[in-house]
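Each reported figure results from applying straightforward, stated rules to the coordinates on display, with no laboratory input. Note that this is a predicted model, so its numbers are computed, not measured. Virtual Cβ from ideal backbone geometry, glycine too; neighbours counted across all protein chains shown.
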Amino acid sequence: MDTSKAKGYFWVLLNLVLAGMVVNLVFFVMPTIKKYGDSLYPVGSISISAEGKAIATPDVAQVSFSVVSRGKNPEELADNNNQKVSAAITFVKSEGIDAKDIKTSGYSLSPDYQYDPKTERNFITGYTLTQTVNLKIRDLFKVAKIIGGLTPLGVNQIGGINFTIDDPEKVMAQAREDAFARAKVKAAKMAEQGGVRLGRIISVGEYGFPGPIPYFSAAPGKFGLGGEAMSVAAPTIEPGTEEIRVQVTITYALK
């Protein structure tokens with residue numbers, strides 16, 4: 001083989017080998033080294049915590065009501081109770097409450113006992129039947145009307161009203177955004193005061209703290225426990241506002 005040709009083949013082969021090494025270094029070795037470096041916890045770091053808040057007006061009211069009947073004949077008792085509950089459900093449906101937002105949560109028939117001192121034994125004097133229904137009222141303007149319309153139909157127990165947010169994640173997102181903004185500002189100020197620079201974010205943590213949910217509890221003798229069915233004025237219902245708080249902790253590497 002000609003010497004000049006042999007040298008040409010050698011340099012071509014050498015260039016190919018070098019090119020392959022460069023490609024391997026750029027696309028495989030360096031990314032691997034970077035990943036390994038990123039996985040190492042930096043010597044210098046700083047953790048910042050901040051709290052964000054968001055205020056929202058509840059858009060759903062959760063209400064529970066019960067019909068409690070007492071009597072000696074369980075069959076008559078059940079028939080009377082069922083008629084009252086059916087009338088109440090028909091009423092709330094007529095006010096636009098969807099069937100999926102009406103749920104029977106309790107049905108209990110229990111004997112009533114009385115102690116006889118002569119025989120020193122308890123004997124059954126009758127029965128108590130309790131049926132409980134839970135409602136979700138999505139139109140808050142109808143809350144007062146619905147509550148005021150239940151008692152004339154035989155509903156004699158109405159629980160407290162819980163006002164909630166149907167999609168709390170939207171409000172949480174606002175509070176989270178506020179918390180991150182506060183944390184970044186706080187971190188930048190602390191780094192400036194400490195004469196260092198912020199590097200990459202190492203970790204992020206989040207903690208949610210929903211605020212108290214306002215509720216309405218009906219007055220005893222009207223809408224509360226033991227109240228009798230009567231025609232009454234609709235109560236004034238105010239859902240108020242709910243404060244959602246989110247706390248985030250961000251850890252930065254220091255340069």
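List of remarks:
- Shape category assigned to the range 104-198 from the gyration tensor of Cα positions, a/c cut at 1.5: prolate
- Sites Lys100 and Ala188 - FRET efficiency at Förster radius 45 Å, r taken between beta-carbons, to 0.05: 0.40
- Label-to-label distance, Ser49 versus Glu206, with points set 7 angstrom from Cα along the beta-carbon direction: 1.8 nm.
- Cα gyration tensor category, rounded, prolate or oblate, for the range 133-186 with a/c compared to 1.5: prolate
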